[in-house]
Amino acid sequence: MQPWIAKPSKLKQAVATLADGLNQAIEPTEIKDGQCVAASNVDSLLYPTLQVVEGHTLHSQHTGHISHIFKFKDAWYCTNGKGMYKLSGTTWSPVYEYADVDNNRQWESATFFDGSKLYFFAGGLLRQWDGSSSSVVTDAPAGEYLATHSNRFFLANKSDNLLSFSGLRDVNDWKSTDKYVGTGKITVETPDGEKPSGLTAFANHVILFKRNTMHKLFGEDSTNFNMTQPYGVGCISKQSIVPTRDSLYWLGPDGFYDYMGGAAPTKISEPIRNYIRQINMEYAHNCCAGTDGRFVYLSLVTGTSVTPNVTLKYDMQGGRWWPVSFIATSFFLDGQTLYFGTTDGQIMKMGGNVFVWQQIPWSIETKPFSEDDESVRKTINRLTIVADVDPGATLNVAYAAGTEGGTWNQVYTSSNGSGDIQSIRIPVIVRTPETWYRLKLSGIGRAKVHRIIREVTKRNG
């Protein structure tokens, strides 16, 4: 056996940029730059740097499963399985309450025309709220879904295939027959008779969703209203419909879709298809989504759960998916600040360096590394981790031998008191019959990983 030479004749430097998102496809034996097999609480906002996600703080505390958050006349409102509530100071007072608790209740709300009143469905009836008292909109059809468009109110429900619209600029008018400014109903049928599952306004159209189809409304009044079925792509959760400046996102039975108003919707959920396959379809209506302008957050009900139990985020600019460790049950974007609800009645405000006063835990695991002949030759892998670590935060480095090794060998642990960029040099020697190994970076608190530099030294011959 030849000794290691003092000056290696074979040396290779490889830079792996870890900012291309989570890949759940069948993993190849060689690592692809920018892909991890597992990740938690990291994203690629500052591409190509991989960084810890933003934290969140407690905005207010209520009770129960928070299914809807919004503001009306600068006051905060939320809904849970019991009812709809308004926040006054630190106290939540009821706007409407049921006699029992049911976390499967669907809540929607909207303002109309001059914004003086809030409208919502409760008990199947459309109700209006002026900030202090509520009443039923007497002539409005029963329903579950609502949208406003071109100064009309549009309603649909899960029991028939009718899309109803109000009189022009009058939410209380559901009976007048004037063909230009009056009311009406549009029948939206499909061959299998499926019922509506969502309603929204986007790109100057009203869009009615069913489980397997979407329908667009063209026209200005009853003289030329025309409902078309442009694409065979449906929606399984009204709460997952998210309009942005350029796109409309929603959750269909086979994936998460991006629609820009012209071409056919594009399914963007292939990297998270393993999560999509596990959705509990009986309670899929509790899945929800929201956006902060850069990321779309998607909460899914998977396995045997009946409320969301996993939340992922999608980078709209880079097309990357990242899982996060917190679970959101509803979302609301107020200006540029995102808020989300939880199953235990909390409303969180995004931003900051902590998860509700706790430092953020994070980790990434790379695909297996190897270098050419992995049968008998020994190699020394010198890793240089270039990272920013915030004061008080930690960075841990470990490796597991083999392509699927699960026993992590900790080779580096550091806490940083200055926050300055650190270039950490860590020699890793793989003492197994094969040279495959996986790398894991983890820590507590804010950190940014700029690059991993790998220097592989092999014996001559």
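Numbers for the structure displayed
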item: Selection within the stretch 79-97 - small (Gly, Ala, Ser) and either part of a loop (DSSP other than H, G, I, E, B) or open to solvent by less than 50 Å² (accessible area, probe 1.4 Å) (or both); result: Gly81, Gly83, Gly89, Ser93
item: Some residue of the stretch 236-243 being touching a helix residue (DSSP H, G or I) at 6+ places or on another chain (Cβ under 9 Å) and surrounded by fewer than 22 Cβ atoms within 10 Å (Cβ to Cβ); result: yes
item: Single unsatisfied condition, Thr307 versus (1) out of contact with any helix residue (DSSP H, G or I) (no Cβ under 8 Å at 6 or more places or on another chain); (2) in contact (Cβ under 8 Å) with a residue 60 or more places away in the chain; result: (1)
item: Checking Cys287 against (1) modelled with pLDDT under 95; (2) within 26 Å of Lys349 (Cβ to Cβ); (3) under 16 Å from the mean Cα position of the chain (by Cα), the condition it does not meet; result: (1)
item: Members of the stretch 180-210 found to be part of a loop (DSSP other than H, G, I, E, B) and either farther than 15 Å from Pro253 by Cα or modelled with pLDDT of 95 or more (or both), listed by number; result: Tyr180, Val181, Gly182, Thr183, Val188, Glu189, Thr190, Pro191, Asp192, Gly193, Ala203, Asn204
item: Ile364 being open to solvent by less than 20 Å² (accessible area, probe 1.4 Å) and within 18 Å of the chain's Cα centre (by Cα); result: no
item: Some residue of the stretch 174-182 being more than 18 Å from Gln106 (Cβ to Cβ), open to solvent by less than 60 Å² (accessible area, probe 1.4 Å), more than 31 Å from the chain's Cα centre (by Cα) and not aromatic (Phe, Trp, Tyr); result: yes
item: Matching residues, the stretch 63-78, being outside any strand (DSSP E or B) and crowded, with 22+ Cβ neighbours inside 10 Å; result: His65, Ile66, Ser67
item: Cross-chain or 6+ apart pairs with Cβ under 7 Å, the stretch 35-46 first and under 16 Å from Tyr275 (Cα atoms), then crowded, with 20+ Cβ neighbours inside 10 Å and aromatic (Phe, Trp, Tyr); result: Ala39/Trp322; Ser40/Trp362
item: Qualifying residue in the stretch 230-241 (condition: at pLDDT 95 or above, in a strand (DSSP E or B), among the hydrophobic types (A, V, I, L, M, F, W, C) and over 19 Å from Ser159 (Cα atoms)); result: no
item: Some residue of the stretch 152-167 being open to solvent by 10 Å² or more (accessible area, probe 1.4 Å), farther than 26 Å from Arg105 by Cβ and not hydrophobic (A, V, I, L, M, F, W, C); result: no
item: Candidate set from the stretch 332-345 (those that are open to solvent by less than 30 Å² (accessible area, probe 1.4 Å) and touching a residue at least 60 places away in the same chain (Cβ under 8 Å)); member that is farthest from Val301 (Cα to Cα); result: Tyr339
item: Qualifying residues in the stretch 375-428 (those that are surrounded by fewer than 14 Cβ atoms within 10 Å (Cβ to Cβ) and among the aliphatic types (A, V, I, L, M)) - the one modelled with the highest pLDDT; result: Ile421
item: Residue under evaluation Pro191, criteria (1) touching a Ser or Thr at 6+ places or on another chain (Cβ under 7 Å); (2) without any contact (Cβ under 8 Å) to a residue 24 or more places away in the chain, criterion not met; result: (1)
item: Sole exception among (1) buried (at least 22 other Cβ atoms within 10 Å of the Cβ); (2) more than 21 Å from Arg105 (Cα to Cα) for Ala201, by number; result: (1)
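Here is a yes/no grid of residues against (1) farther than 30 Å from Leu395 by Cα; (2) modelled with pLDDT under 95; (3) not in a loop (DSSP other than H, G, I, E, B):
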| residue | (1), (2), (3) |
| --- | --- |
| Leu298 | no, no, yes |
| Thr304 | yes, no, no |
| Thr307 | yes, no, no |
| Leu312 | no, no, yes |
| Gly318 | no, yes, no |
| Phe326 | no, no, no |
| Phe331 | yes, no, yes |
| Thr343 | yes, no, no |
| Lys349 | no, no, yes |
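The values are calculated or read from the model by the stated rules, or taken from the named source; none is laboratory data. As the structure is a computational prediction, the values presented were derived from the model and not from experiment. As a convention, Cβ positions derive from the backbone with ideal geometry for all residues, glycine included, and neighbour counts pool all protein chains shown. Only protein heavy atoms, including side chains, enter the accessible area calculation; ligands, DNA and RNA are left aside. Shrake-Rupley method; radii C 1.70, N 1.55, O 1.52, S 1.80 Å.
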